[in-house]
Amino acid sequence: MKRKCVLGVLKTEEGLRIKEEMLAWLEPFYDVETVEVDPPNDVEFELPFIKRACEVALESNESVLYLHTKGAAMPNRAQPIVREMWRRVFTNERDTYFKVVDERKEAAASALFVAPERKICWYNGFVLNVKAAENILKVLKIHEDRYWFEQKMLSEANVDVIGPLMYEEGNQAWQMTERYIFGLQDESVVPEGKLPVIVSLTSWKKRINTVGKTIESILDHCNPYKIVLTLSGEEFPNMANDLPFDLLQYARDGKVEIQWVHGNVRSFKKVLYTLQRYKNFPVVSADDDCLYKEDYVKVLYEKWLRDKKAIWTYKRDTGTKVFFFGHGPACLYPPNCFGEYGLLALNPQIVDSNHDDIYYGVLAKMMNIHVKQAVEDPQRVPYIFHDEIEGLSEGSEMDGVQCINLCVKSYFDFITRSRIDQLFKGV
């Protein structure tokens, strides 16, 4: 079923060209209604566009995507980047953005880049639900400030904004927009003053209110490193609105990056997505049920500098003579060490096993990556457990040997499929 979209068009020569460009990717997925105004449109600005989007939402009793021909009035290098971001988000990921507002009784709008406290959807392209349309129409009027529509309208209309990437300042949102489009993986992704290693962890609905304690312990003992918390949009459908205040504060202060992913591969989210996204950096794991008591990241990082091809870990598991496994709460993985295999060779049975360390150990063996002990005492760990924690999941763990066999089979099945696909490529 196609969703509804209202596209505001400024009828400059460039605006009409942009309209055709945007319709080309909108119309396969949306019933698009265009609202066209003559230039210079320096009195009403976005008012007629937004008004019609709200009216369509009320008339159809459905959520509506609102976009406009960004760049029609003042073309510059930024505008095509924003439009490309919209194309990716509101085509490939459109269901997510409609779902999060459809499910809310309160007024809500969703976009990729948002400022939750200021109630801004950056660049003013968003999905709004029916209640948001009602509220916006109550405050919608002519304003001398063209930026009121982006920076104040949703706040005055008391519309909650929902989105995976939260930045209260526009310059931060813009920097991340460029990275989203161009996939920048250079040193700039690590903030100034941070060492070039990333701490990565995940959490789930029954631990989300205590994971802040883990992050606090890392900040207290393991600075300066970038920290990435990977969460599932499936498990937290309202994204930032489902998270406790302490996590949002860490994100807004730039102490933690919250990385949202589709689907839910449970504990396997801990490092795989971060390794894939930050291909040039070693990734150190952390567990959301641990309180760290020393700078274990420094210990692992300094060992890795000696052998950059190895996985370094506390408590190396040598339970078998063939496979060696890292220790989930304290393990360093070399940059992009599993390549495409990490996520693509993963299957539902392995995810259900909850044995991410075994999966990584099998991949390491198959890919000739050594797993090395970072400290002399094999029983030493750099953490204590939370006083009160919930279990890892609502399921049970598979037998370890059974999981090894499953992981080996999955790896070779993936290799076989890949080679067959390559043979028939272009046939």
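No lab work stands behind these numbers, since they all come straight from the coordinates. Worth saying up front: this structure is predicted, and the values here are computed from it rather than measured. FYI the Cβ positions are ideal-geometry reconstructions off the backbone, even for glycines, and counts take in every protein chain you see.
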So Arg179 and Val401, fully extended at 0.36 nm per residue minus their Cα-Cα distance, gain in nm 75.8 nm
List the aspartates and glutamates whose Cα lies under 16 Å from the Cα of Lys4, skipping any in the same chain that are fewer than 8 positions away. Glu27, Asp31, Glu33, Glu55, Glu59, Glu62, Glu93, Asp95, Asp102
Neighbour-count order for Met1, Met22, Met367, fewest beta carbons within 10 angstrom listed first: Met1, Met367, Met22
Per 20 angstrom bin, beginning at 0 and ending with the bin that holds the maximum distance, the Cα pairs of the chain fall in percents of 24, 49, 25, 2
Taking every C-alpha to C-alpha distance in region 193-416 and binning by 10 Å from 0, the per-bin percentages run 8, 35, 39, 16, 1
Calculate the spin-label point distance for Arg380 paired with His143, positioning each point 7 Å from the Cα along the beta-carbon direction, and give it in nanometres. 5.8 nm
Rounding to the nearest 10 and keeping the result within 0 to 90°, find how far the Cα-based axis of helix 13-26 lies from the longest principal axis of the chain. 50 degrees
Long-range amide H contacts for Ser200: which residues qualify at under 5 Å (H placed 1.01 Å from N, peptide plane, sequence gap of 5 or more or a different chain)? Val228, Val284, Ser285, Ala286
Once the in-chain neighbours fewer than 8 apart are removed, the aspartates and glutamates whose Cα is under 15 Å from Lys315 read Asp287, Asp357, Glu376, Asp377
With the crude spin-label approximation of a point 7 Å out along Cα→Cβ, what separation in nm comes out for Val43 versus Glu235? 5.4 nm
Can you give the direction-averaged projected area of the convex hull of the alpha-carbon atoms in region 1-63, in nm²? 4.3 nm²
Would region 156-277 count as rounded, prolate or oblate if I go by the C-alpha gyration tensor, calling it rounded below 1.5 in a/c and otherwise prolate when a/b exceeds b/c, oblate otherwise? rounded
Asp289's amide H: which non-local residues (gap 5+, or another chain) put their own amide H closer than 5 Å, with H modeled 1.01 Å from N in plane and none for Pro or chain starts? none
On the formula 1/(1 + (r/R0)^6), with r taken between the Cβ atoms of Lys11 and Gln276 and R0 of 45 Å, the FRET efficiency rounded to 0.05 is 0.55
Among the listed pairs Lys131/Lys270; Lys99/Lys270; Lys19/Lys255; Lys303/Lys409; Lys138/Lys255, give every one whose C-alpha distance is greater than 29 Å. Lys131/Lys270; Lys19/Lys255; Lys303/Lys409; Lys138/Lys255
In nm, what is the difference between 0.36 nm times the number of residues separating Phe412 and Asn209 and their Cα-Cα distance? 69.2 nm
Estimated FRET transfer efficiency when R0 is 51 angstrom, pair Met74-Asn368 (beta carbons, to 0.05): 0.40
Most mobile of Arg83, Arg179, Arg380 per a Gaussian network model of the chain (Cα springs, under 10 Å)? Arg380
Rounded to the nearest 10, the angle in degrees between the Cα long axis of helix 78-87 and the longest principal axis of the Cα atoms of the chain comes to 70 degrees
Global geometry of region 3-180, whether rounded, prolate or oblate, following the gyration tensor of its Cα atoms and the 1.5 cut on a/c: rounded
Can you tell me the orientation of helix 296-306 relative to the chain, as the angle in degrees between its alpha-carbon axis and the longest Cα principal axis, to the nearest 10? 70 degrees
Using the Cα centre of the chain as origin and beta-carbon charges of +1 (Lys, Arg) and -1 (Asp, Glu), tell me which of Leu26, Pro196, Val371 is placed farthest towards the positive end of the dipole. Val371
